[in-house]
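The structure appears right after this line, and notes come after that.
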């Protein structure tokens, strides 16, 4: 069951400050992202396109079916693009994974496709990328849907699920992949190392590429592991072209799973500061992968936002 609210409760805990970059952060070269392009038809030009951004260890493949169903259900036809974020899927492996850089990747994709404005839907890490893009370029990002993440810095000791994520990345990095030949061997190795959740193993295996007699990571696992402090943090700018000095002015939907710990009551005051017109939808019996666990409920809520609430 989903519950809806807007703005946040009247009594909130003290605000959690988003992490910030030094005044002159180092910008890494921007890659050209690989992406899926759904519903690119003439009749979509009257409505804003939608970008769907996956989370950590995900890819455009994870969201292809979900995004296809979304565009079929929308009353207002929209072009939907589903990119692989840097170091994921078929996008380039590059240094650095700050949200400033990843938001710029998204803006570069818009420029390449001649898209002036769009709506961004992001899950987990992709939700932070969406939030950073909106805060730094509100003139280009006309609407946001952020799934099961908050625009705050996480740590392994904050009582959220970040410790679990950190442990999974460390476990994957410890696999002797060069000595394994098949995905089944990788699966058994993951079980032997203690990753007993079948769904999590299957998700991890989507990042393994099977060769003739060997396997390899499709993701830049070493780069992701070294960038975990950046991924846990949240930055919204640094130089004049991407800095954020005001709150995001457009309607924003935060959607979370009731069983997840990534978006908590303590985060709502920070969300309200950065996204003052936000609304919150909670799917009570869903966890972090809310779109996969409860696709119908998630699709219905986001469809309503895009068809009825979004101001174009």
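The values are calculated or read from the model by the stated rules, or taken from the named source; none is laboratory data. These figures come from a predicted structure and were not determined experimentally. Every residue, glycine as well, gets a Cβ built from its backbone with ideal geometry; the counts of neighbours run over all protein chains shown.
Would a scan of region 176-185 turn up a residue that is part of a helix (DSSP H, G or I), touching a helix residue (DSSP H, G or I) at 6+ places or on another chain (Cβ under 6 Å) and at pLDDT 90 or above?
Within region 176-185, one or more residues are part of a helix (DSSP H, G or I), touching a helix residue (DSSP H, G or I) at 6+ places or on another chain (Cβ under 6 Å) and at pLDDT 90 or above.
Rundown of residues vs (1) in contact with a strand residue (DSSP E or B) (Cβ under 8 Å, 6 or more places away or on another chain); (2) at pLDDT 95 or above, yes/no style:
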{"site": "211", "(1), (2)": "no, no"}
{"site": "226", "(1), (2)": "no, yes"}
{"site": "241", "(1), (2)": "no, no"}
{"site": "247", "(1), (2)": "no, no"}
{"site": "251", "(1), (2)": "yes, yes"}
{"site": "259", "(1), (2)": "no, yes"}
{"site": "279", "(1), (2)": "yes, yes"}
{"site": "283", "(1), (2)": "yes, yes"}
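Does region 191-199 contain any residue that is surrounded by 12 or more Cβ atoms within 10 Å (Cβ to Cβ), under 19 Å from the mean Cα position of the chain (by Cα) and not assigned by TED's automatic domain parsing to the domain that holds residue 57?
No, region 191-199 contains no residue that is surrounded by 12 or more Cβ atoms within 10 Å (Cβ to Cβ), under 19 Å from the mean Cα position of the chain (by Cα) and not assigned by TED's automatic domain parsing to the domain that holds residue 57.
With the structure loaded, tell me whether residue 67 is under 13 Å from the mean Cα position of the chain (by Cα) and either at positive phi or at pLDDT 95 or above (or both) or whether it fails that test. Walk me through it before giving the result.
On the way: under 13 Å from the mean Cα position of the chain (by Cα): no; either at positive phi or at pLDDT 95 or above (or both): yes.
Criteria not met by residue 67.
Got at least one residue in region 266-282 being under 30 Å from residue 296 (Cβ atoms) and in contact with a helix residue (DSSP H, G or I) (Cβ under 6 Å, 6 or more places away or on another chain)?
Yes, because at least one residue in region 266-282 is under 30 Å from residue 296 (Cβ atoms) and in contact with a helix residue (DSSP H, G or I) (Cβ under 6 Å, 6 or more places away or on another chain).
Among 312, 296, which is the only one that is closer than 19 Å to residue 52 by Cβ, surrounded by fewer than 14 Cβ atoms within 10 Å (Cβ to Cβ) and modelled with pLDDT of 95 or more?
Being closer than 19 Å to residue 52 by Cβ, surrounded by fewer than 14 Cβ atoms within 10 Å (Cβ to Cβ) and modelled with pLDDT of 95 or more holds for just one of 312, 296, which is 296.
Residues checked against (1) part of a loop (DSSP other than H, G, I, E, B); (2) free of Cβ contacts under 8 Å to residues at least 12 places away in the same chain; (3) surrounded by fewer than 21 Cβ atoms within 10 Å (Cβ to Cβ):
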position: 58; (1), (2), (3): yes, no, no
position: 66; (1), (2), (3): no, no, yes
position: 72; (1), (2), (3): no, yes, yes
position: 76; (1), (2), (3): yes, no, yes
position: 81; (1), (2), (3): no, no, no
position: 93; (1), (2), (3): yes, no, yes
position: 116; (1), (2), (3): yes, no, yes
position: 122; (1), (2), (3): no, no, no
position: 132; (1), (2), (3): no, no, no
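Looking at (1) modelled with pLDDT under 95; (2) surrounded by 20 or more Cβ atoms within 10 Å (Cβ to Cβ); (3) assigned to a loop (DSSP other than H, G, I, E, B), which is the only condition residue 165 fails?
(3)
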